1. Which helices (runs of 4 or more DSSP H) sit wholly inside segment 203-319 and have at least 2 residues that are surrounded by 14 or more Cβ atoms within 10 Å (Cβ to Cβ) and among the hydroxyl-bearing types (Ser, Thr, Tyr)?
2. Answer with yes or no whether GLU194 is among the acidic types (Asp, Glu), within 30 Å of ILE13 (Cα to Cα), part of a helix (DSSP H, G or I) and at pLDDT 85 or above.
3. Of the residues that make up segment 61-71, is at least one part of a helix (DSSP H, G or I) and more than 60 Å from the chain's Cα centre (by Cα)?
4. Report whether or not LEU181 is assigned to a helix (DSSP H, G or I) and either more than 27 Å from LEU9 (Cβ to Cβ) or in contact (Cβ under 8 Å) with a residue 40 or more places away in the chain (or both).
5. Does THR126 count as among the β-branched types (Val, Ile, Thr) and either touching a residue at least 24 places away in the same chain (Cβ under 8 Å) or assigned to a strand (DSSP E or B) (or both)?
6. Within segment 64-90, track down each residue that is under 19 Å from ARG107 (Cβ atoms) and not hydrophobic (A, V, I, L, M, F, W, C).
7. Between VAL104, VAL138, which is assigned to a helix (DSSP H, G or I) and either modelled with pLDDT of 85 or more or over 18 Å from GLU66 (Cβ atoms) (or both)?
Amino acid sequence: MKLLVKTTLYYVIASLLFFIFAGFIIVYDYNKILDQEINKLLINSEEIITTQLVNDISLESLNNYEQVITKTNSKNYLDNPIFKDTTRYDIIDDNFHEYRMLRVTRRIGNDYYDISIFRSLIQPNTLIQQVLISLFIVFLSLLAFLIISNLLISRKVWLPFKETLNTLATYELGSTKPITLNKTNTREFNQLNEIIYAMTTKIKYDYVNLKEFTENVAHEIQTPLAIIRRKCEKLLQTDQLNAEQMAEITAIYTNCIRLSKVNRGLTLLTKIESGAYQVEKNVNLTEVLASQIAHYDEMISLKELHFKKDIHHVILHDMNSELAVVLLSNFIRNAIHHTHKGGTLKIATGERDISFYNTGANGKIDTELFNRFKKSDSSSLGLGLSIITKICRLYNIELSYDYEDTTHKFRLLF
């Protein structure tokens with residue numbers, strides 16, 4: 001949920017709660033005032049009737065639909081006015097309506113009179129309904145005004161923040177162009193931009209240093225490794241070494257080659273993670289796959305593999321062409337390496353996928369092998385599948401693995 005929508009939603013909820021509470025208070029006070037006015041009206045009417053009774057006005061002339069006066073011997077309501085709501089049948093409307101009633105007993109001379117006075121509540125109730133409707137319309141209009149004004153004002157206020165986000169989204173770490181953030185008249189946004197500028201400057205500085213360090217290490221290590229390898233090759237070709245010395249030099253030579261491969265693998269991983277490879281549009285992966293298969297033809301023949309190839313679909317994908325070679329060659333090399341001699345190897349393409357099948361007796365591999373330095377055997381460097389995983393994540397390629405009937409299946413979905 002967007003920040004602007006979220007804050008507006010909170011304003012709406014808070015406003016609704018406030019309006020409900022305020023409406024309840026207004027209606028309660030208004031209803032209380034109406035009740036007091038009706039009660040005063042009933043008291044005034046009762047005082048007039050009492051005065052008329054004192055002046056010997058006949059009961060027949062005083063009794064009507066809204067007031068009933070009778071002589072009584074009861075003293076239950078003597079000088080104690082009682083107010084209550086009741087319903088009465090209206091002959092004209094042929095329906096029952098709500099009324100407020102005042103009942104009191106008065107002594108006039110030697111006689112007691114039971115006085116009941118009624119006032120209709122139709123008009124007050126109708127008035128309250130009209131007030132509620134008016135309040136609802138006013139509150140609804142005010143709420144709409146608050147929502148619209150909040151959206152417009154917040155959109156203008158938060159515009160610099162959105163511009164900062166857009167700038168960060170388009171900023172490339174390896175770019176030599178410095179990040180530019182616009183100044184605003186809001187102090188907090190200016191402070192945010194200053195912090196972001198300082199952070200990106202530091203990150204860029206560290207990135208350049210790391211990149212230079214990686215390139216220097218990769219270059220400098222290869223030279224002494226090449227010297228050690230040549231020296232070992234020269235010593236291995238002489239006849240002056242005994243068996244123990246030959247074994248020691250062979251171990252040095254093997255580990256030298258291994259270290260060289262590790263160096264190249266780590267350098268490649270570092271470049272991938274730092275975004276050193278530029279994206280190319282519509283790289284023809286089918287052509288890259290065909291060229292890599294031809295490159296490994298000799299290895300396939302040496303292991304006497306039953307090789308099946310079905311790469312008739314043209315697959316285009318936006319990625320770096322060098323990393324496309326690395327990705328597909330790793331899959332082919334791993335499939336050849338882990339297929340027993342005389343086994344079956346199959347490479348097939350679909351409309352949007354490339355699949356690699358190879359037979360193997362070791363069972364289903366552990367998915368931990370996709371992490372760096374996890375090895376399937378002692379001869380593995382533990383970097384191949386890690387490089388594959390990095391490339392797949394970088395270019396949104398879905399990688400899946402399955403094992404069935406002694407056959408490993410790797411699938412790349414583009």
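The values are calculated or read from the model by the stated rules, or taken from the named source; none is laboratory data. The structure displayed is predicted, hence computed values, not measured ones. Positions of Cβ are backbone-derived with ideal geometry, glycine not excepted, and every protein chain shown enters the neighbour counts.
1. Details: elements: 243-273, 285-295, 297-302.
Fully inside segment 203-319 and qualifying: 243-273.
2. Numbers: among the acidic types (Asp, Glu): yes; within 30 Å of ILE13 (Cα to Cα): no; part of a helix (DSSP H, G or I): yes; at pLDDT 85 or above: yes.
No.
3. Just the residues of segment 61-71 that are part of a helix (DSSP H, G or I), to begin with: 61-62.
Next, from what is left, pick out any that are more than 60 Å from the chain's Cα centre (by Cα): 61-62.
So far as segment 61-71 goes, yes, one or more of its residues are part of a helix (DSSP H, G or I) and more than 60 Å from the chain's Cα centre (by Cα).
4. Judged against the criteria, LEU181 is not a match.
5. no
6. Within segment 64-90, GLN67, THR70, LYS71, THR72, ASN73, SER74, LYS75, ASN76, TYR77, ASP79, ASN80, PRO81 meet the criteria.
7. Answer to the selection: VAL138.
Matching residues to (1) modelled with pLDDT of 85 or more; (2) within 30 Å of PHE19 (Cβ to Cβ); (3) not in a strand (DSSP E or B):
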position: ASP85; (1), (2), (3): yes, yes, no
position: TYR89; (1), (2), (3): no, no, no
position: ASP93; (1), (2), (3): no, no, yes
position: ILE115; (1), (2), (3): yes, no, no
